[in-house]
Ligand code: FAD
Ligand code: MLT
Ligand code: ZN
């Protein structure tokens, strides 16, 4: 260890795994945004809570910034380390600690991958229902720190709904045991919910107790082709009225082009501009008939032009791939991403305004729309025109995001539905949250992290 600060860290925590190889610094210093050049001081990989606490105390003594790091699948730059920070990777703290059949809770370490949580719940005959495309590599700690949403929010809500307890190391190294799995607990401020969505700026999640639920009834998946954007929310209303929806997702023909070029199977011979993937309970003939009735209503009213319904799990997975494969199919272009939300009731007016705005501001640019439309959440991905300098491209997109942020403010929406603010959306925070709220957030940070060592520069500047 050439750096004396790292030498003192090794002395303070014998046996702590530290990485300083350039390839490791590069690997652990970035997330899926790939916009910033990674430049961390080193990577620390603690194995238990005591080591995490000791790292935080060292960071306070040395005034070194810490970046908590899970699977680095984040899309807002929250886990980026580009300024000599110590990356605190939770990947070695990845075990299931226990299952309680009476409470129906699973207690896990923060570095466990979401898919491993799904499997552990399934082994107990239950489900952990938060789910999305990064399930194979994102961590539960990262999910909690971003209050991750995903494809089943319409039925089960965000990560926040499933956190029964948290162990949390604050920015000064104190260990808090928050809510302890209680269903009812009216004993003052619920600090657990302050931690959820705090993007590593207040401290580090070192353990989580997750609520599990019953496995859903058998479902079917329908892919619908829509003739117009205006039809989208009407189809949603028709389906929600008649069915128990597990998911209601949408994407455009541009998204379909990319995802099929990336290996997914084209679903229809004819071209259509918009698509919906709906998953719904289909446990009996009544529910299956209701699905057919919803489909027929939409066709008769010109809201849907074509559709397929899954007849097997394999077919359902094939249909889901069309929606879930979009992010990966676009990754090589380094898209500029908006992840925005409005109330579902505000969606029709907001969609019309946003469509006009983006058509005007991005002439001739490949703009790809998809997302969790049933939750009022749109993902808009802008691909860089060939030959355009990457920095210039981001600046152009940021100018458009300024306008989008104004539109969101007018419609009461949010600049970040589910990916977090991180570095990417920091300039727009005041469009979605009042100055008073942000001032209070700064005050809360100063209490939990007085020396500002926890993920500085993310969400807001101090
Ligand atoms: P990281 O990227 O490592 O970190 C994210 C933030 O959490 C950072 O600020 C980091 O500092 C902090 N953090 C990480 N671990 C801890 C901890 N233990 N304690 C405190 N802070 C911590 N997101 C959705 O919400 N819905 C989706 O549908 C969705 N789909 C995706 C699909 C793909 C293909 C990809 C690549 C990403 C998707 N995401 C989605 C975004 C991303 O997967 C989520 O934000 C996820 O929750 C991040 O988890 P992670 O472990 O990768 O966190
Ligand atoms: C999704 O819904 O697919 C994710 O949030 C990922 C993305 O926005 O790219
Ligand atoms: Zn999403």
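Every number in this text was worked out from the coordinates using simple rules, so none of it is lab data. Everything numeric here is computed off the predicted structure, so don't read it as measured data. Cβ coordinates were reconstructed from backbone atoms using ideal geometry, including for glycine residues, and neighbour counts include every protein chain displayed.
Among the residues of the range 401-440, the ones that are within 16 Å of ligand 3 (Cβ to nearest atom), in contact with a strand residue (DSSP E or B) (Cβ under 7 Å, 6 or more places away or on another chain) and within 21 Å of residue 458 (Cβ to Cβ) come to 7 in all. Inspect the range 363-374 for any residue being farther than 27 Å from residue 34 by Cα, part of a helix (DSSP H, G or I) and touching a helix residue (DSSP H, G or I) at 6+ places or on another chain (Cβ under 6 Å) and give the result as yes or no. Looking for residues that are farther than 27 Å from residue 34 by Cα, part of a helix (DSSP H, G or I) and touching a helix residue (DSSP H, G or I) at 6+ places or on another chain (Cβ under 6 Å), one finds at least one in the range 363-374, hence yes. Examine the range 112-133 for a residue that is more than 12 Å from ligand 1 (Cβ to nearest atom), within 15 Å of the chain's Cα centre (by Cα) and either in contact (Cβ under 8 Å) with a residue 24 or more places away in the chain or over 22 Å from residue 199 (Cα atoms) (or both), and state whether such a residue exists. Checked the range 112-133: at least one residue is more than 12 Å from ligand 1 (Cβ to nearest atom), within 15 Å of the chain's Cα centre (by Cα) and either in contact (Cβ under 8 Å) with a residue 24 or more places away in the chain or over 22 Å from residue 199 (Cα atoms) (or both).
Could you tell me which of the residues 455, 451 is within 30 Å of residue 194 (Cβ to Cβ) and away from ligand 1 (no atom under 16 Å from the Cβ)? Criteria check complete, one pass: 451. The C-beta contact set for the range 146-169 (first residue farther than 25 Å from residue 425 by Cα and in contact (Cβ under 8 Å) with a residue 60 or more places away in the chain, second residue assigned to a helix (DSSP H, G or I) and near ligand 1 (Cβ under 10 Å from one of its atoms), distance under 9 angstrom, 6+ apart or interchain) comprises 169/52. Here 157, 165 are screened, and the one residue that is over 30 Å from residue 57 (Cβ atoms), surrounded by fewer than 24 Cβ atoms within 10 Å (Cβ to Cβ) and out of contact with any helix residue (DSSP H, G or I) (no Cβ under 6 Å at 6 or more places or on another chain) is 157. Starting from residues that are in a helix (DSSP H, G or I) and within 17 Å of residue 415 (Cα to Cα), keep the ones in the range 375-394 and report whichever is farthest from ligand 3 (Cβ to nearest atom). Filtering first and then ranking leaves 394. Residues in the range 215-243 that are farther than 20 Å from residue 349 by Cβ, without any contact (Cβ under 8 Å) to a residue 60 or more places away in the chain and either surrounded by 14 or more Cβ atoms within 10 Å (Cβ to Cβ) or in contact with a strand residue (DSSP E or B) (Cβ under 9 Å, 6 or more places away or on another chain) (or both): 239, 242, 243. Among the residues of the range 113-130, just one is surrounded by fewer than 22 Cβ atoms within 10 Å (Cβ to Cβ) and within 16 Å of ligand 2 (Cβ to nearest atom), namely 115.
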